[in-house]
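Visitor: Dropping the structure in here first, questions after.
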Amino acid sequence: MEDRGYPLVDIDVIRSAASRIASIAVKTPLVRAVFPGVAGEVWLKAESLQPIGAFKMRGAANKILQLTPEEIRRGVITYSSGNHAQAVAYAARMVGAKAVIVMPSNAPAIKRAATLALGAEVVEVGVASSERLAKAEELVREHGYVVIPPYDDEQIIAGQATCGLEIVEALADVDLVLSPVSGGGLLSGVAAAVKQLKPQAKVFGVEPELAGDTAESFRTGKLVEWPAELTSRTIADGLRTQSVGLRNFAHIQAFVDGIVTVTEAEIRAAMRAIVSVARLVAEPSGAVSAAALLFHGAELPAYKKAVAVVSGGNVAPELLAAVLTEKD
């Protein structure tokens, strides 16, 4: 399969990835969520229950488990605000590779500490995703590290796609799937898996209004980039990427039916609703899909059974406490 010059991951590649990562990534459950006032049946795909608390475990493991012995000796590097950093550190430790992580200065302290605890070396730069990429490229030139991209990579997409594979396997009659989107790794993978297994199902991406570059790209059919001073405004730190990846955009154009944006207040309300209804902790980035169901039903197609991917649960305790004690 190919779109705009980029290969689209097919279902056999996704199934191979699922077998490959089975020893590291968890098959996460679908948790029923009865949200008051929300039509249809809703399940939450609890990626917050992965070993590092987020879906990123899937893609990082799929990429790193395919490295050669020589590449493992060279060590790996990535650029991430937190969840992909932890996933790379975790998977690298499993294969005995050194891991270097380029992180922004505004990365949540809880994610930085977790990355260090997994044995990775952290290099700090400014808040722009472009700065992280530039520093990583510089270190690759100096030390020969192998880059583990956060999203714009076929093996990463195939790994994230195993989340979509599990959704359809667990709920064969699902007719709507919602996934957060930032760089696009999760949405492109989930959509590829769901659409190839169940073409009639609808797949929507969800992102914050304050970091709505993917929604604009999808609407215009042309990849756009938002400056870091705009995307960094959102509480959803995992969704601050300035532009969706090229390979990811090709998958999104091929498989995704729409993009919905949600407000900061809606994200916070969704975090509270997820805790109340499903007893799951969602970080802000992980709550956006549920926020779309709670507040933007008119922008979504009619459905009988929907799955909202809760992409992660790595939220600072003080932020979680503040959100949970707010009034709707």
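Read-outs: derived from the displayed coordinates by stated rules, not from any lab. Not measured: the values here are computed from a predicted model. Ideal geometry is used to build each Cβ from the backbone, glycine not excepted, and the neighbour counts take in all protein chains shown.
Visitor: Taking only Cα atoms, what is the 0 to 90° angle, nearest 10, from helix 284-295's long axis to the longest principal axis of the chain?
Guide: Taking the Cα atoms of the chain, the angle to 284-295 is about 20 degrees.
Visitor: When DSSP assigns beta bridges and you keep just the ones with both residues in the chain, what percent turn out antiparallel, to the nearest 5?
Guide: On the way: 6 of 36 bridges.
Bridges in the chain are about 15 percent antiparallel.
Visitor: So how tilted is helix 185-197 from the main axis of the chain? Cα-based, degrees 0 to 90, rounded to 10.
Guide: Approximately 60 degrees, to the nearest 10.
Visitor: Hey, how many Å between the Cα centroid of region 293-313 and the Cα centroid of region 44-90?
Guide: With region 293-313 and region 44-90 each reduced to a Cα centre, they are spaced 27 Å.
Visitor: Would you mind estimating how fast region 205-328 diffuses translationally, via Stokes-Einstein at 20 °C and 1.002 mPa s with the Kirkwood radius over Cα pairs, in µm²/s? Walk me through the numbers before you get to the answer.
Guide: On the way: Rh = 15.0 Å.
The Stokes-Einstein estimate is 143 µm²/s.
Visitor: Modelling each spin label as a point 7 Å along the Cα-to-Cβ direction, I'd like the T325/M94 distance in nm, to one decimal.
Guide: Inter-label distance under the simple model: 3.8 nm.
Visitor: Further question on the same structure: Pull up all non-local amide H partners of V122: gap of 5 or more, or a different chain, and H-to-H distance under 5 Å with H placed in the peptide plane.
Guide: I101
Visitor: For region 247-259, in order, what is each residue's ³J(HN,Hα) by Karplus, 6.51 cos²θ - 1.76 cosθ + 1.60 with θ = phi - 60°, in whole Hz (x at glycine and Pro)?
Guide: Running phi through 6.51 cos²θ - 1.76 cosθ + 1.60 with θ = phi - 60° gives 5, 5, 5, 4, 5, 4, 5, 7, 10, 9, 8, x, 10 Hz.
Visitor: Another question, then. For the chain, what is the Kirkwood hydrodynamic radius in Å, using each pair of distinct C-alpha atoms? Don't skip to the answer; put the middle values down first.
Guide: Working: mean 1/r = 0.0521 Å⁻¹.
Roughly 19.2 Å, rounded to one decimal.
Visitor: Mind putting together the pair-distance distribution for region 257-306? All Cα pairs, 5 Å bins, whole percent per bin, short to long.
Guide: 4, 23, 31, 22, 16, 4
Visitor: With n ≥ 4 as the cut-off for DSSP H runs, can you work out [θ] at 222 nm for the chain, using -39500 (n - 2.57) per run divided by the number of residues, rounded to the nearest 500?
Guide: One gets -13500 deg cm²/dmol as the mean residue ellipticity at 222 nm.
Visitor: If I stretch the segment between N106 and E318 completely, what's the gain in nm (0.36 nm per residue apart, minus their alpha carbon distance), one decimal?
Guide: Details: separation 212, 0.36 × 212 = 76.32 nm, distance 1.59 nm.
Here the segment from N106 to E318 would lengthen by 74.7 nm.
Visitor: Here is a further query. What angle do you read, to the nearest 10 degrees and between 0 and 90, between the alpha-carbon axis of helix 11-21 and the longest principal axis of the chain?
Guide: 60 degrees
Visitor: If you don't mind, there's one more thing I want to ask. Considering only lysines 8 or more places apart in sequence, or on different chains, count the pairs in the chain whose C-alpha atoms sit under 18 Å apart.
Guide: 18
Visitor: Hey, another quick one. Evaluate the relative contact order of region 1-146 (contact order divided by residue number), counting alpha-carbon pairs under 8 angstrom at least 6 apart; express in whole percent. If you can, show how the numbers build up before the last one.
Guide: Values: 216 pairs, mean separation 25.8, N = 146.
Result for region 1-146 is 18 percent.
Visitor: Could I ask something else about it? Using a basic spin-label model with each label point 7 Å from the Cα along Cα→Cβ, how many nm lie between E121 and A265?
Guide: 4.8 nm
Visitor: By count of other Cβ within 10 Å, fewest leading, how are K63, K98, K304 ordered? Don't skip to the answer; put the middle values down first.
Guide: Numbers: K63 27, K98 17, K304 11.
The most exposed by this proxy come first: K304, K98, K63.
Visitor: Tell me, how many Å apart are the Cα centres for region 236-269 and for region 145-207?
Guide: A separation of 12 Å, based on Cα centres.
Visitor: Along the Cα→Cβ direction, 7 angstrom out, place labels at I72 and D12. What is the inter-label distance in nm?
Guide: Those two pseudo-labels are separated by 2.7 nm.
Visitor: Dividing the Cα radius of gyration by the Kirkwood radius, what Rg/Rh value follows for region 160-244? Intermediate values should be presented prior to the final figure.
Guide: Details: Rg = 13.7 Å, Rh = 13.3 Å.
Ratio of gyration radius to Kirkwood radius for region 160-244: 1.03.
Visitor: Pairs of alpha-carbon atoms within less than 8 angstrom and 6+ residues apart define the contacts here; what relative contact order does region 236-328 have, in percent?
Guide: Details: 78 pairs, mean separation 27.7, N = 93.
This gives 30 percent for region 236-328.
Visitor: Order by neighbour count: Y303, Y90, fewest other Cβ atoms within 10 Å first, most last.
Guide: Numbers: Y303 20, Y90 25.
Taking fewest neighbouring Cβ atoms as first place, the list is Y303, Y90.
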